[in-house]
Amino acid sequence: MNILLLGSGGREHALAWKLAQSSHCSALYIAPGNAGTTQCGTNVDLSPLDFEGIGKFCGREDIGMVVVGPEEPLVKGIVDFFQADAGLRQIPVIGPSASGARLEGSKAFSKKFMERHAIPTAVYREFDSDNFAEGIAYLQQHPLPVVLKADGLAAGKGVIICQSTIEAIAEFELMIQGSKFGEASSKVVVEEFLSGIELSIFVLSDGKHFLTLPEAKDYKRVGEGDKGPNTGGMGAVSPVPFADATFMDKVTQRIIIPTVKGLEEENIDYRGFIFIGVIKVGEDPFVIEYNCRLGDPETEVVMPRMKNDLVELFLAVAGQRLDGITIEPDERTCCTVVAVSGGYPGSYEKGLPISGLDQDTGADSLIFHAGTRGESNGILTSGGRVLCVSSFAETVYEAVDKSRDILEKIYYEGIYYRRDIGYEFL
Ligand code: AMP
Ligand code: GLY
């Protein structure tokens, strides 16, 4: 079968690497991909948001399956676009329809969904220009810190944790009246701050059944010791030591089962990944957020840890046959360390030559590309997050050490990576 994968980050390189290993995959195309994905298939110069162009490409190249990496095409309805077209309808698209993608595309929707299905989450209220004054009054009596969330997609920047009431009111005004995040912040969710330790749970749903993939923990802050500004993610580890059987059973019973059942009850045909951002408060799990895709850089540790054939899983998703399958995890620890451009997450230079990519990584490590592009003169940086090095070992310490050894032999001007991924588990 010919497969088309949409996206261009480290997540997509890890997915491409995994898809290309399947006996069901005859040709893999990645749109638009990066310099790393060309090791797994053929890059196609198409935007994941160009639904017409993607549809035509699928017809021309006899594509039998489309796998969607990022959220935006899902929130904007790529699945609905395929279903509305008689020539494309029979091609399974891995990812939810726009109605399911609202779990990520609208924080207000996801909060109401959790309320309807009694899924544990922070207490909240939603506000827009119609009940703006009520929102101010709500903030004036809200305990601190308080969390403000833009309702819509805001490129990962739409959550603000405010330490004072004055800051909260100023941000609230900026979001709703000042369109801080454009249309995405015309509605704002104000919620209680939960204090605990976070992890990322990945569920694959076929609309009726589900499988839980290996869990992961990502490291969002740019600086060591979790200091400094938020980024797209500086590293990840899997498995997560505190996610023991007792805790994961609570996650399954209180969160995953009611989520999958709730979607089915609401007639949302959800065939794709559900990424549940969970926080452990005391001994109990609460949902921080839903995403309608896999996480990045979590995918760079989750895919290597899965022994299953990914295309077989996706065929079972399309045929609603996930109940006959079990996930076979590699029991070792996998850690990924992300190398970023100097200055990231602020402004940074692109187009810098990268050396050291052709080294022998050994059997236990993998170099996944994120913001890279191939030119006639070599591979150049082309984004904030440039590369992820994932390594297997028996312990977090050894795995991070292996990735660091490889990164020490990679160079581009300004290269930076955290040396303490997984530090709290050492
Ligand atoms: P998001 O953009 O939804 O991933 O949120 C960004 C980050 O904000 C999360 O990963 C959490 O660390 C934090 N966060 C979001 N909601 C809450 C909350 N209710 N309590 C504490 N931290 C939160
Ligand atoms: N690593 C978090 C995310 O992908 O949103």
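Each value in this text was obtained by applying a stated rule to the coordinates, not by laboratory testing. Since the model is a prediction, treat every value here as computed from it, not as a measurement. Counting neighbours? That spans all protein chains shown, and the Cβs are built from the backbone with ideal geometry, glycine included.
Annotations for the structure displayed:
- Contact order relative to length of the stretch 314-414, as percent, for alpha carbon pairs under 8 angstrom and 6 or more apart: 36
- Cα gyration tensor category, rounded, prolate or oblate, for the stretch 344-426 with a/c compared to 1.5: oblate
- Built amide H within the under 5 Å cut-off of Asn43, gap 5+: Ile30
- For the chain, a simple Cβ point-charge model (Lys and Arg +1, Asp and Glu -1, everything else neutral) yields a dipole of about 260 debye relative to the Cα centre.
- Estimated FRET transfer efficiency (Tyr397, Ile161; beta-carbon r; R0 35 Å; 0.05): 0.70
- Two-site FRET efficiency, Asn377 against Glu61, from Cβ-Cβ distance with R₀ of 35 Å, rounded to 0.05: 0.75
- The modelled label-to-label distance between Asp45 and Gln140, using points 7 Å beyond Cα along the C-beta direction, is 5.9 nm.
- Spatial separation of Cα centroids for the stretch 91-162 and the stretch 246-287, in angstrom: 17
- For the stretch 180-188, Karplus couplings with θ = phi - 60° (6.51, -1.76, 1.60), whole Hz, Gly/Pro x: 3, 10, x, 4, 4, 10, 5, 10, 10
- Placing R0 at 25 angstrom, the Cβ-Cβ distance between Asp405 and Glu224 gives a FRET efficiency of 0.90 after rounding to 0.05.
- Share, in percent, of DSSP beta bridges within the chain that are antiparallel, nearest 5: 80
- Remark: for residue pairs Lys187/Lys307; Lys307/Lys409; Lys180/Lys220, the C-alpha separation exceeds 32 Å in Lys187/Lys307.
- Measuring nothing but how far apart in sequence close Cα pairs (under 8 Å, 6+ apart) lie, relative to its length, the chain scores a relative contact order of 17 percent.
- Annotation: the residues Met234, Met65, Met1, Met248, sorted from fewest to most other C-beta atoms within 10 Å of their own C-beta, follow the order Met1, Met248, Met65, Met234.
- Inter-label distance for Leu426 and Glu328, nm, one decimal - labels placed 7 Å from Cα along Cα-to-Cβ: 3.5
- The stretch 192-289: relative contact order as a whole-number percent, Cα under 8 Å and 6+ apart: 37
- Long pairs among Lys56/Lys261; Lys157/Lys280; Lys111/Lys208; Lys111/Lys217; Lys76/Lys227, criterion Cα-Cα beyond 26 Å: Lys56/Lys261; Lys76/Lys227
- Note on the chain: helix-only mean residue ellipticity at 222 nm, from DSSP H runs of 4+ residues weighted -39500 (n - 2.57) and normalised by residue number, equals -7500 deg cm²/dmol.
- Subtracting the Cα-Cα distance of Ala27 and Ala363 from 0.36 nm times their residue separation leaves 118.5 nm of extension gain.
- Cα→Cβ-extended label distance, 7 Å offset, between Asp130 and Thr38, nm: 5.2
- C-alpha center-to-center spacing [the stretch 178-229, the stretch 19-37] in angstrom: 28
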